[in-house]
Amino acid sequence: MRPIRICLIMHSTRSDNLGVGALTISEIEILRALGREIGRGIEITVVDFKDKRDSYVSGPDIRLIDLDGRFLKSPSGYFALARRSDLVIDIGAGDSFADIYGAGRLNRMFVMKFLTHMAGTPLVMAPQTVGPFTKPLSTFLARLTMRRAAVVASRDRLSTEAAKKMGIAKVIEASDVALRLPYDPPAPRAPGGPVKVGINVSGLLLNGGYSGKNDFGLTMDYPGLIRGLIAHFQAHPAGCEVHLVPHVIVPEGVSMSMEDDYRASAKLADEIPGLHLAPAFASPSEAKSYIAGMDFFMGARMHACIAAFSSGVPVMPMAYSRKFAGMFGSLGYGRTVDCTAEPGEAIHAKIVQAFEDRATLKAEADAALALGREKLSVYEGALRAVMERAGR
């Protein structure tokens, strides 16, 4: 029997945002495992965003196609690929299935979704944030494509509720596929060493958003909060070793440098003596392997926090959107602080106390992770059913 032909859209194997890459690597790991379970080979085509970095996914079962306007518009481009595929999986880049990020990105998503429907190929919406949709046209199109999808999976309770309010009855509430991201566990450490505290500094928040004018509506001084936390942990009697851990890493010469966590962290490391600057990671798994070596972690990039959470590190997510509380809260992990609603002093105090209670946080996170993996297995079962029907 021939291999199952699978097309991945709104995934990326070379995004500067390692969170999007974590979703892609994890999705591919899931697909490969399911293929082995059902005894079928798979061929995966990733319709990929153009980025300067090399792909962090490889293998004889992987093919990459650059996404551009010509490929979308040509009958021999995406439409032909969708017709040749047995199924198309759309992960919405995690949180892009919404109209809050502007029309361009969402319209491209709608074009690919509806070309898939026209091709008669099953569309699987992998676990992702659904909404918010605030405009009548985008709400209508979102409802229409979800009704035609073979599988609709959300990664949190808020997204499930948003989809059901739009009239979508069959929604699988799973969790983030990045819980499956592979990594290398840290080597055992000798007792008595420094306590490693990891801080993911968001370059985007440090720079005030895309415009520099507090685009995300933060209610606190984010740069001041970060400097205050660094000072606290550097002076802590436990002998903390503070690591700055970037998770969006933009190559030199690229215009979106305001998003770059690495540049922001390097600037802080130059300014404040004694900080440890993590490398400019080449892949999401490399980043997770580093994060797994921390004793306590906090950050404003959700997938940096998921890397800590899913590798057993006590973590304090620092939210700037509802996706944080949605994802972690749906698993019963209520440690997220809200940078858009809480004052900086309150956030600082919560993080400081959480560090002291990190053994409790770890126990809470371990229980929540078990629930997340259980919920994710429901999505994997639905995906397996689609794969078993493929090509028959």
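For the range 30-37, the criterion of being part of a helix (DSSP H, G or I), among the β-branched types (Val, Ile, Thr), surrounded by fewer than 23 Cβ atoms within 10 Å (Cβ to Cβ) and modelled with pLDDT of 95 or more is met by at least one residue.
Does the range 46-67 contain at least one residue that is small (Gly, Ala, Ser), surrounded by fewer than 18 Cβ atoms within 10 Å (Cβ to Cβ) and assigned to a helix (DSSP H, G or I)? Within the range 46-67, not a single residue is small (Gly, Ala, Ser), surrounded by fewer than 18 Cβ atoms within 10 Å (Cβ to Cβ) and assigned to a helix (DSSP H, G or I). Scanning the range 140-160 turns up one or more residues that are surrounded by 15 or more Cβ atoms within 10 Å (Cβ to Cβ), assigned to a loop (DSSP other than H, G, I, E, B), not small (Gly, Ala, Ser) and not assigned by TED's automatic domain parsing to the domain that holds residue 242.
Against the numbered list (1) in contact with a helix residue (DSSP H, G or I) (Cβ under 6 Å, 6 or more places away or on another chain); (2) at pLDDT 90 or above, residue 99 comes up short only at (2). Is it the case that some residue within the range 33-46 is touching a Pro at 6+ places or on another chain (Cβ under 7 Å), of a type in the set (A, V, I, L, M, F, W, C), outside the structural domain of residue 299 (by TED's automatic domain parsing) and farther than 20 Å from residue 121 by Cα? No, that holds for no residue. Inside the range 73-110, residues that are assigned to a helix (DSSP H, G or I) and either in contact with a strand residue (DSSP E or B) (Cβ under 9 Å, 6 or more places away or on another chain) or not assigned by TED's automatic domain parsing to the domain that holds residue 12 (or both) make up a count of 5. Taking the criterion of being under 14 Å from residue 59 (Cα atoms), in contact with a Lys or Arg (Cβ under 8 Å, 6 or more places away or on another chain) and β-branched (Val, Ile, Thr), the only residue of the range 1-42 that qualifies is 42. Out of the residues in the range 186-215 that are surrounded by 13 or more Cβ atoms within 10 Å (Cβ to Cβ), touching a helix residue (DSSP H, G or I) at 6+ places or on another chain (Cβ under 7 Å) and not aliphatic (A, V, I, L, M), which is nearest to residue 305 (Cα to Cα)? This residue is 200.
The values are calculated or read from the model by the stated rules, or taken from the named source; none is laboratory data. For clarity, every value in this text was computed on a predicted model and none was experimentally measured. Glycine also receives a Cβ, built like all others from the backbone with ideal geometry; neighbour counts cover every protein chain displayed.
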